[in-house]
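The values are calculated or read from the model by the stated rules, or taken from the named source; none is laboratory data. On a predicted model such as this, the values are computed, not experimentally measured, just so you know. When we count neighbours, we look across all protein chains shown, and the Cβ atoms used for this are built from the backbone with ideal geometry, even at glycine.
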Amino acid sequence: MRAVLPLVLVTALLSGCSLFGSKDNNMPPSPLTKFKPTLILKRVWSRDAGSGTDHRHLLLAPLVSDGRIYAADHKGRVYAYDADTGKRLWKTDTDTPLTGGVGGGDGLLLLGARDGRVLALQANDGKVKWRAQVSSEVLSAPRAARGVVVVSSNDGNVFGLDASDGHQVWVVDHTIPLLILRGASSPVLVSGVALCGLANGILEAIRIRDGAPLWQATVAVARGSSELERMVDVDGQLQAMGGMVYVAAYQGRVAAIDITSGQIAWERDVPSYAGLGVDTSRVFVTDDEGRVWALDRSSGATVWRQTKLRYRGVTAPVPFDGQYVVVGDIEGYLHWMDRADGRFVARIRVDSSGILSPPLVHGNTLYVLTRDGELAAYRIAGATP
């Protein structure tokens, strides 16, 4: 049985209505398995970063940049902290209900709103630099590079806004299916190209400078007789490394695609809406039921599969310290797995509200933001005796 996720009819996009509640699935979470921990984890600091997502299905992910970590809540409050100490540097209340962020680039913090507004804040002091309007709700983090802010709206359009004042430079229109997941992947900007996942199972490359479409690659093909069966959204975060982009689609596949040509190097039938993580030799992906896979980055071959987190609303995996892989879950746990074989090496509960956004890794620190707005930093303190 597949997970039941928050869905949206195209006719309800502007209002942001969800056909389901905020829970990620209708199956009871797999019980936590017992194991002997081999790592000792230390909470370095923890801060209250607002009121979180208000238990809506919002991926308000934090951002780490230039020694700072930035977080936002659904009420429009944005916070900056010293990434090492957790000291709060500034707070800005935008008075705007936020649904997407935090993104960055070109010295800006970028956020999306329920009513289709895009906000740009100065990263150094939190002052609002400009506000712009796109065609519908923004559920992912905008990104900026080369003087252009790239924004995906939930009606399928991709916008290029001038980073200096927010005026529209270009727009690429897309037709999306009648029924889609409530969510969107953030654009990945690399080498002058914006890589954008779409709700029709397509990955598209767009030239950042002028919005010219360069290529499209099919990650998933809609099949089935009902609109629910035909959903193929590319909603999980994309990852780019070594001239390739790695992408996953709901009820579709994981694929490695050449950024220059759009040619698919390999693909695997591992459907995912949570997304994936990448390191130098492996791709880590959480499938639609919460199983965590490790695939060979060059061939897509299975290295291992961890099956004991099914239906726990598991986030995309993040590699840590070259030796571990970490995921969060809907009950607020962080699960640490050995990169070599997927066995559990540590587990810690951040809080009981749950974790929707994948953890962030910067240096030797892992950061996580819970649904209630708790922002916490963890490090490895050593091995167990």
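For the range 25-56, the set of residues classified as touching a Gly at 6+ places or on another chain (Cβ under 7 Å) and not hydrophobic (A, V, I, L, M, F, W, C) consists of Asn25, Arg47, Asp48, Gly50, Ser51, Gly52, listed by residue number. A single member of Asp269, Asp258 is modelled with pLDDT of 95 or more and of a type outside the set (Phe, Trp, Tyr), and it is Asp258.
In the range 305-349, the qualifying residues are those that are in contact with an Asp or Glu (Cβ under 6 Å, 6 or more places away or on another chain) and farther than 15 Å from Leu276 by Cβ, and the one that is surrounded by the most Cβ atoms within 10 Å (Cβ to Cβ) is Arg312. Counting only strands (runs of 3 or more DSSP E) that fall entirely inside the range 50-93 and contain at least 2 residues that are crowded, with 24+ Cβ neighbours inside 10 Å, among the basic types (Lys, Arg) and modelled with pLDDT of 95 or more, no element qualifies. The range 297-385 holds strands (runs of 3 or more DSSP E) entirely within its bounds, and those carrying 3 or more residues that are over 20 Å from Arg68 (Cβ atoms), among the aliphatic types (A, V, I, L, M) and more than 19 Å from the chain's Cα centre (by Cα) map to 344-349, 374-383. When Gly100, Gly16 are checked against the criterion of being modelled with pLDDT under 95, crowded, with 17+ Cβ neighbours inside 10 Å and outside any loop (DSSP other than H, G, I, E, B), Gly100 stands alone in meeting it.
Inside the range 134-156, residues that are within 10 Å of Gly116 (Cβ to Cβ) and either out of contact with any strand residue (DSSP E or B) (no Cβ under 6 Å at 6 or more places or on another chain) or in a loop (DSSP other than H, G, I, E, B) (or both) make up a count of 8. Per the listing Leu189, Leu203, Leu214, the residue uniquely closer than 19 Å to Leu276 by Cβ, in a strand (DSSP E or B), modelled with pLDDT of 95 or more and not polar (S, T, N, Q) is Leu189. Looking across the range 95-112, the residues that are among the hydrophobic types (A, V, I, L, M, F, W, C) and closer than 18 Å to Ala49 by Cα come down to Leu98, Val102, Leu109, Leu110, Leu111.
Here's the yes/no breakdown for (1) at pLDDT 95 or above; (2) touching a Lys or Arg at 6+ places or on another chain (Cβ under 9 Å); (3) more than 21 Å from Gln239 (Cα to Cα):
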| position | (1), (2), (3) |
| --- | --- |
| Pro319 | yes, yes, no |
| Gln323 | yes, yes, no |
| Met337 | yes, yes, no |
| Asp341 | yes, no, yes |
| Val350 | yes, yes, yes |
| Leu356 | no, yes, no |
| Glu374 | yes, yes, yes |
| Thr384 | no, yes, yes |
